[in-house]
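A short worksheet on the structure shown next.
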């Protein structure tokens, strides 16, 4: 079982109506998108987040259940749902967030679930790591679980959302120090480690902090993974007609975890000795899954039956 821990929100996606531009409310959030993608790929998945009891919260819970994602660890509250208004420029998504006192942000330490032996991996990241109190809840959960379950983190950094940059950087460093898998975009990596060093050097720096496998995605230029011992594997991305990139990275993460699950290596011991070829195949599957998502509007990951 994979436990996805982080934000669930509503993406307000621009659409044209008879009276002009309008916004269509669609379930979203980086961690939510990954959970949905894992569910559609038939991987046993649970979701931990604060979710409102308002109409948007009901929409989010319904989408999780529709994808086969477990909702036993949802923390329901009367706080509002986070809204993210989306602006698309040349197919790239830019966001304006409304998140003050939201159900997701206002998680408390007592809301964190117990991590039993049925949980093989935990996945963290996104804007849920930016602001307390929820950010500290997720960080503490990662540190607590890292001794016996795989931890994967994708910061998916949104600089405009960060309120306390020193605290955020320290939180990321603490979590990456216990992470078995760290996935960053090339832009994320350059934000985390400033300077002119190449991405291979910066990835090795993350490994020196404690990270095991470090994955760097480069948009249309593919992705590579740096393994302990100096091995590096890379894949290109399938050639497709891109509609937009909303949810592409989140779906990529789901594809990578799904392949490790399929191969039976989603546990602490197996991952320490994972073969480079297995990681390469996982990257390839992740790229294939993400390639389907970018051909569709919004975060709409494929089902297992759609992957050839």
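If you check 88, 64, 24, 60 for being closer than 25 Å to residue 145 by Cα and either modelled with pLDDT of 95 or more or part of a strand (DSSP E or B) (or both), only one passes: 64. Scanning the range 91-119 for residues that are touching a strand residue (DSSP E or B) at 6+ places or on another chain (Cβ under 7 Å), closer than 18 Å to residue 246 by Cβ and either assigned to a loop (DSSP other than H, G, I, E, B) or touching a residue at least 40 places away in the same chain (Cβ under 8 Å) (or both) returns 93, 95, 97. Within the range 115-155, the set of residues being farther than 18 Å from residue 178 by Cα and surrounded by fewer than 23 Cβ atoms within 10 Å (Cβ to Cβ) comprises 116, 117, 118, 131, 132, 133.
On the stretch given as the range 120-136, residues that are assigned to a loop (DSSP other than H, G, I, E, B) and closer than 22 Å to residue 268 by Cβ total 1. Here residue 16 passes the criteria (1) over 20 Å from the mean Cα position of the chain (by Cα); (2) loosely packed, with under 15 Cβ neighbours inside 10 Å; (3) closer than 25 Å to residue 153 by Cα except the one numbered (3). Taking the range 259-270 as the search range and keeping residues that are surrounded by 20 or more Cβ atoms within 10 Å (Cβ to Cβ) and in contact with a strand residue (DSSP E or B) (Cβ under 9 Å, 6 or more places away or on another chain), which one is modelled with the lowest pLDDT? Among them, the one singled out is 266. Screening residue 42 on (1) part of a helix (DSSP H, G or I); (2) touching a helix residue (DSSP H, G or I) at 6+ places or on another chain (Cβ under 8 Å) shows it passes everything except condition (1).
Checking each residue in the range 187-211 for being in contact with a helix residue (DSSP H, G or I) (Cβ under 7 Å, 6 or more places away or on another chain), assigned to a loop (DSSP other than H, G, I, E, B), at pLDDT below 90 and over 14 Å from residue 154 (Cβ atoms) picks out only 210.
In this structure, residue 46 qualifies as surrounded by 14 or more Cβ atoms within 10 Å (Cβ to Cβ), closer than 21 Å to residue 138 by Cβ and touching a residue at least 12 places away in the same chain (Cβ under 8 Å).
The lone criterion from (1) at pLDDT 95 or above; (2) touching a strand residue (DSSP E or B) at 6+ places or on another chain (Cβ under 7 Å) left unmet by residue 13 is number (1). Checking 278, 295 one by one, the residue that is more than 20 Å from the chain's Cα centre (by Cα) and surrounded by fewer than 23 Cβ atoms within 10 Å (Cβ to Cβ) is 278 and no other. Checking each residue in the range 137-184 for being part of a helix (DSSP H, G or I), in contact with a strand residue (DSSP E or B) (Cβ under 7 Å, 6 or more places away or on another chain) and over 14 Å from residue 105 (Cβ atoms) picks out 141, 142, 145, 175, 176, 178.
The values are calculated or read from the model by the stated rules, or taken from the named source; none is laboratory data. Note that the structure is predicted; figures quoted are calculated from it, not measured. As a convention, Cβ positions derive from the backbone with ideal geometry for all residues, glycine included, and neighbour counts pool all protein chains shown.
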